[in-house]
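Here is the structure we will look at, set down as structure tokens.
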Amino acid sequence: MTNQSPILAVADLSVDLGGRSILRDVSFDLYPGQLCALIGENGAGKTTLLRTLLGLITQRAGTVLIGAAPAREHRELVGYVPQKINFDPDLPLRTRDLVRLGLDGQRLGLPFFNGRTRHVVDQALQAVGAEDFADQRVGELSGGQQQRAVIAHALVRKPRLLILDEPLANLDFGSANALVDLLGRLIVQQQMTVLVTAHDMNPLIPVMDRLVYLVDGRAATGTVAEVVQAEVLSKLYGYPVSVLHHGGRILVLPDAPENADVANMNRCAGHGV
Amino acid sequence: MFSSFMINTWIAGTAIALVAALVGYFVVIRHSAFAAHALPLGAFPGAAAANLLGVNPFVGLLVFVGMGVLLLRQLARIGRRDVGTGLLLVLFLGVGALFLSMTSEYAPEVFSLLFGEMLGISDADLWPILGICALVSVVMITIFRPLLLDSSFPDLAALQGISAARMDLIFLSLLALVTASALPVVGAFLVFTLLVGPPAAAQSLSIHPLRSLLLAVIFAESSIWSAIALSYWTNWPIGFFVGMLGAGLFTLARSYRHWSQRERPVVQVSGL
Amino acid sequence: MFAFLSSQPVQTALIVGSCAALVSALIGVFTVLRGNAFAGHALADVSSAGGAASFLWGISPLLGFLGMAWIAAFGMEFLGVRKARERDLATGIVLGAGLGLSALFLYLDVTTTSTTGAAVSVMFGSLFAISQGLIWPAILAVLAVFLLVGLFYRPLILTAVDPDLATLRGVSPRWMGLLQLLVLGLAVAVCALAIGAVLATALLIGPAGAAIRLSRRPAQAIFWAMMIALTAVWSGIWMAYESYYWFSGNAWPVSFFVVVLIFLFYLLAMFGSSWQHKYRRRGITSLRRLQEP
């Protein structure tokens, strides 16, 4: 599809946690400008995989190359947005300061602002639409706003690879679509690579071009056309799933539980009386 | 009030308040209030032991507070952190009580170690205190950014190569140093108020990281200066004033924030 | 042994010490379960101001400890917001103010009433010097605590486990929190009388912290906590009594022995249970390996 070199290359990755094997022989590549969804059941090892890619967990075997170098050597190439974001309401930190710590949080000395850092931070705030609450206490923002602040924190170093853990959980329709829109802009305009875990992949389907799916610690990868099919997904989730095409959009829908028919009948009967 | 025998108290008090505010700023952010209360009490038997052995009390304080840091980390690993901290604290206090019961000046010694001693600073004591305060300030300002990021969101810090375990150790060591230098003046019990009161009040008032740090220093300095002055005039123990001023500052700042938040309209932002 | 038991101060010490052990074990389990170790410790520390004031005004030290512990409990409830992190700060601020007050009262004790040694007995306790008149008040306080906890046992446990669940059941966490602080105040007062205000924490959280590790049911945890606390107090009293002969006339303080024993029990419980866990886990994984094809 592209003759560029991969930005993320995972080969034969195996990870153990607390004596238990979590991931086995995971391999996949991601190229610039791709948005990839990582899917799998609860406990399939999604978060473990992400944390290994970030160099927060050490693997038992295999390699993770980011920009053709081991993950730990290229930290500045990766941005990460964790799933649980919960700032202390009393934290003396504005959104602006949090974003700024993404730029140079590891450096020594006091964080005085100068013209250049102010400009770079403003750009990141603008990219996620956080200008309106740039000077508010991070801990007092809503969950969605805190998430945007952390995305700006991740983007401010201009990473090549952005990793988001369940970014769509707990977002309303409007915010979820706005986030997907932002991710779409990043991959098109900046040729960034985005890796997202998601339980509900529907909002992502318009912008997503690859999927990595984990089952029992093993991974397989494919394009949207290959994977987003009723039989494939049903097998992956171990639960019957339908894929609907509606007005140019694709929707993945879990089939109703068997008892649903009974509930439906009861409701009809109720109306009849 | 500024006569020659008070000069050392003023100088030491000023230096101690500065570092207490710098370190206390992170005590509040990291929710380490219990550790900040326990470490000074862990240092307390050090002074008693030094008294018994006839060595410089400062050495005893440093040895015991260092042991306190190591044990605190070990105990937190094997059980509930708060229970471990509490038990370590009483263990050290018990040992301190034992050491003191062996000396002849039991009662007055206990009192000044726990609640502070205005005239406890000799010329020989002053230099180590100033040296330690200078060291702590320099280290604190140097690692301000990594420590701030680690204290507010450890996961994001780890991503930038900042090790949480290392930050914890550095932070506790700085806390230990501040403790050892402040204990002879304000006492084992009231070091804690100086650490927590001014920064907590400052953080309620300002959302700007550097401005709230500066405010914390200003609050700490004004508390200790007022405490020294009031203690000089009334002859009452300095610890009493430090404790009361800390509580007063905190309550005022909290009420102010509560009240001003009620006035402010809620800002609604939607969409990216 | 006979000389030990027939001595009047030892008898008083054993009775008051046992009261402290029983009541602290009972309350301690709730305190540790709710993650209130710091608050429990702070109440104990602050009660020292009451102890110091009792010397000043010549009232019963038990009343002094109790009054101050209750004032502090209300102060924390007033300042403290329900979020855990806010609670830490509010606790710390009340603690600082209380200790400041304690400093003042102890100073006034020395200057106005010339009571030397007030600081020592208030802070670190002097179990062998407790007057016999305090035995009955101590027993009454313990009975009151047992009665209250017995009546409200289930709501208290539910609130300790999850305040939201308790609210759904119609239990007000606010009232339960207040009730808990009231009985905690009573327990703190008895413990402060026995081993000193600042060391009372040892009895309050040590046996409970160890017992919670050793047992799964709350009632069982309370039983173990009582056993550990009683063992520590009785052995501590005996060792302090005997230490007079061990160290040629220099008896070591009772509180020191009690605190050290509790600390050792806690370490034993922690290491014991972690070894147990390790073996258990190893057993499970080997089973799983057997089941795998």
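The values are calculated or read from the model by the stated rules, or taken from the named source; none is laboratory data. What you are looking at is a predicted structure, and each value in this text was computed from that prediction instead of being measured. Neighbour counts run over all protein chains shown; Cβ positions are idealised from the backbone, glycine included.
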task: Please work out which one of (1) among the acidic types (Asp, Glu); (2) in a loop (DSSP other than H, G, I, E, B); (3) over 14 Å from the mean Cα position of the chain (by Cα) is the condition residue A:200 fails and give its number.
output: (3)
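Restricted to the range C:181-225, and to residues that are of a type outside the set (A, V, I, L, M, F, W, C) and within 13 Å of the chain's Cα centre (by Cα), which residue is farthest from the other protein chains (Cβ to nearest Cβ)?
Among those that are of a type outside the set (A, V, I, L, M, F, W, C) and within 13 Å of the chain's Cα centre (by Cα), it is C:185.
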message: When the residues of the range B:168-194 are narrowed to those that are at the interface with another protein chain (Cβ under 9 Å from one of its Cβ atoms) and closer than 21 Å to residue B:128 by Cβ, which ends up surrounded by the most Cβ atoms within 10 Å (Cβ to Cβ)?
response: B:194
- request: Run residue C:225 past the list (1) surrounded by 18 or more Cβ atoms within 10 Å (Cβ to Cβ); (2) of a type in the set (Gly, Ala, Ser); (3) modelled with pLDDT under 90; (4) closer than 19 Å to residue C:156 by Cβ and report the number of the one that doesn't hold.
  value: (3)
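Working carefully through the options B:220, B:253, B:227, find the one that is within 11 Å of another protein chain (Cβ to nearest Cβ), under 23 Å from residue B:137 (Cα atoms) and of a type in the set (Gly, Ala, Ser).
B:227
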Criterion violated by residue B:22 - all others in (1) closer than 16 Å to residue B:187 by Cα; (2) modelled with pLDDT of 85 or more satisfied: (1)
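Being farther than 24 Å from residue A:75 by Cα and touching a residue at least 24 places away in the same chain (Cβ under 8 Å) is the requirement here; does residue A:180 meet it?
yes
Considering the range B:142-173 alone, what residues qualify as being part of a helix (DSSP H, G or I), among the β-branched types (Val, Ile, Thr) and in contact (Cβ under 8 Å) with a residue 12 or more places away in the chain? Full working, then the answer.
Of the residues in the range B:142-173, the ones part of a helix (DSSP H, G or I) are B:142, B:144-152, B:154-159, B:164-173.
Narrowing the set further to residues that are among the β-branched types (Val, Ile, Thr) leaves B:142, B:170.
The answer is B:170, and nothing else.
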query: Which residues, counting only those in the range B:90-106, are within 7 Å of another protein chain (Cβ to nearest Cβ) and surrounded by 24 or more Cβ atoms within 10 Å (Cβ to Cβ)?
result: B:90, B:91, B:93, B:94, B:97
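Evaluate the following for residue A:162: is it touching a Ser or Thr at 6+ places or on another chain (Cβ under 9 Å), assigned to a strand (DSSP E or B) and either closer than 22 Å to residue A:242 by Cβ or not hydrophobic (A, V, I, L, M, F, W, C) (or both)?
no
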- prompt: Here are B:109, B:117: which of them is within 12 Å of chain C (Cβ to nearest Cβ), closer than 22 Å to residue C:250 by Cβ and of a type in the set (Asp, Glu)?
  reply: B:109
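This table checks each residue for (1) more than 15 Å from residue C:198 (Cβ to Cβ); (2) surrounded by fewer than 24 Cβ atoms within 10 Å (Cβ to Cβ); (3) within 12 Å of another protein chain (Cβ to nearest Cβ).
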| residue | (1), (2), (3) |
| --- | --- |
| C:95 | no, no, yes |
| C:98 | no, no, yes |
| C:102 | no, no, yes |
| C:107 | yes, yes, yes |
| C:120 | no, yes, yes |
| C:124 | no, no, yes |
| C:128 | yes, yes, no |
| C:131 | yes, yes, no |
| C:135 | yes, yes, no |
- line: Taking first residues from the range A:148-163 that are farther than 26 Å from residue A:68 by Cβ and more than 9 Å from chain B (Cβ to nearest Cβ) and second residues anywhere that are crowded, with 23+ Cβ neighbours inside 10 Å and polar (S, T, N, Q), the pairs with Cβ under 6 Å that are 6 or more apart or on different chains are A:149/A:95
statement: In the set A:83, A:126, the lone residue that is among the polar types (S, T, N, Q) and touching a residue at least 24 places away in the same chain (Cβ under 8 Å) is A:83
message: Looking at the range C:60-71 only, could you name the residues that are free of Cβ contacts under 8 Å to residues at least 60 places away in the same chain and closer than 18 Å to residue C:40 by Cβ?
response: C:67, C:68, C:71
field: Evaluation of residue B:243 against (1) within 14 Å of chain C (Cβ to nearest Cβ); (2) closer than 30 Å to residue A:56 by Cα (one fails), failing number
entry: (2)
task: Find the residue count for the range C:238-256, including only residues that are surrounded by 24 or more Cβ atoms within 10 Å (Cβ to Cβ) and in a helix (DSSP H, G or I).
output: 3
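Residue A:25 - would you say it is touching a strand residue (DSSP E or B) at 6+ places or on another chain (Cβ under 9 Å) and closer than 30 Å to residue B:212 by Cβ?
Spelling it out, it is not the case that residue A:25 is touching a strand residue (DSSP E or B) at 6+ places or on another chain (Cβ under 9 Å) and closer than 30 Å to residue B:212 by Cβ.
A quick yes/no check of all residues on (1) surrounded by fewer than 18 Cβ atoms within 10 Å (Cβ to Cβ); (2) closer than 22 Å to residue B:207 by Cα; (3) at pLDDT below 85; (4) in the same structural domain as residue A:197 (by TED's automatic domain parsing):
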position: A:117; (1), (2), (3), (4): yes, yes, no, yes
position: A:127; (1), (2), (3), (4): no, no, no, yes
position: A:136; (1), (2), (3), (4): no, yes, no, yes
position: A:146; (1), (2), (3), (4): no, yes, no, yes
position: A:153; (1), (2), (3), (4): no, yes, no, yes
position: A:159; (1), (2), (3), (4): no, no, no, yes
position: A:162; (1), (2), (3), (4): no, no, no, yes
position: A:168; (1), (2), (3), (4): no, no, no, yes
position: A:172; (1), (2), (3), (4): yes, no, yes, yes
- prompt: Out of B:150, B:155, which single residue is surrounded by fewer than 21 Cβ atoms within 10 Å (Cβ to Cβ), over 24 Å from residue B:257 (Cα atoms) and not polar (S, T, N, Q)?
  reply: B:155
statement: Restricted to the range B:70-89 and to residues being free of Cβ contacts under 8 Å to residues at least 12 places away in the same chain, assigned to a helix (DSSP H, G or I) and at the interface with chain C (Cβ under 7 Å from one of its Cβ atoms), the residue surrounded by the fewest Cβ atoms within 10 Å (Cβ to Cβ) is B:78
task: Please find, within the range A:216-247, the residue that is surrounded by the most Cβ atoms within 10 Å (Cβ to Cβ) out of those that are in contact with a helix residue (DSSP H, G or I) (Cβ under 6 Å, 6 or more places away or on another chain) and assigned to a strand (DSSP E or B).
output: A:241
- prompt: Which of (1) assigned to a helix (DSSP H, G or I); (2) within 20 Å of the chain's Cα centre (by Cα); (3) over 22 Å from residue B:35 (Cα atoms); (4) not β-branched (Val, Ile, Thr) does residue B:176 not meet, given it meets every other one?
  reply: (3)
task: Go over the candidates A:88, A:132 one by one and state the one that is closer than 27 Å to residue A:177 by Cβ and over 22 Å from the mean Cα position of the chain (by Cα).
output: A:132
